[in-house]
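Since every read-out is calculated from the coordinates, none of them should be taken as a lab result. Values in this document were obtained by computation on a predicted structure and should not be read as measured data. Heads up, the Cβs are rebuilt from the backbone with ideal geometry, glycines too, and the neighbour counts pull from every protein chain shown.
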Amino acid sequence: MTAETPEQPREREWRKKRMYNPPQPVYGLGFIGAAIYYISHATTIWMGVIGFFKAIGWPLFLVYEALKYLGAS
């Protein structure tokens, strides 16, 4: 049986965080695409501002519509 050095648990935590990191680039690309879509379809400046905030929350709309389609609510 071997004793763990202080570096081994820290290294294990780093690997765990690296392996289970959420797909942030996918969200970033989705945000950019949604922002371009909503802002390009805006007719006024305020609709563009609302479109920007919709682009931030696009995963909420996606999950809501998916659950509605699946009949979960």
In nm, spacing of pseudo-spin labels at Ile50 and Val26 (7 Å Cα→C-beta vector): 3.0
Contour minus Cα-Cα span, Leu62 to Thr43, at 0.36 nm per residue, comes to 4.5 nm
Can you compute 3J(HN,Hα) from phi for each residue in the stretch 39-51, using the Karplus curve 6.51 cos²θ - 1.76 cosθ + 1.60 with θ = phi - 60°, rounded to whole Hz and x for Gly and Pro? 6, 5, 8, 6, 9, 10, 5, 6, 5, x, 5, 4, x
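For a test of the definition: using alpha carbon positions, the gyration tensor, and the 1.5 limit on a/c, classify the stretch 23-70 as rounded, prolate or oblate. Please report the intermediate quantities before stating the final value.
Working: a/c = 2.77, a/b = 1.43, b/c = 1.94.
In terms of gyration-tensor shape, oblate.
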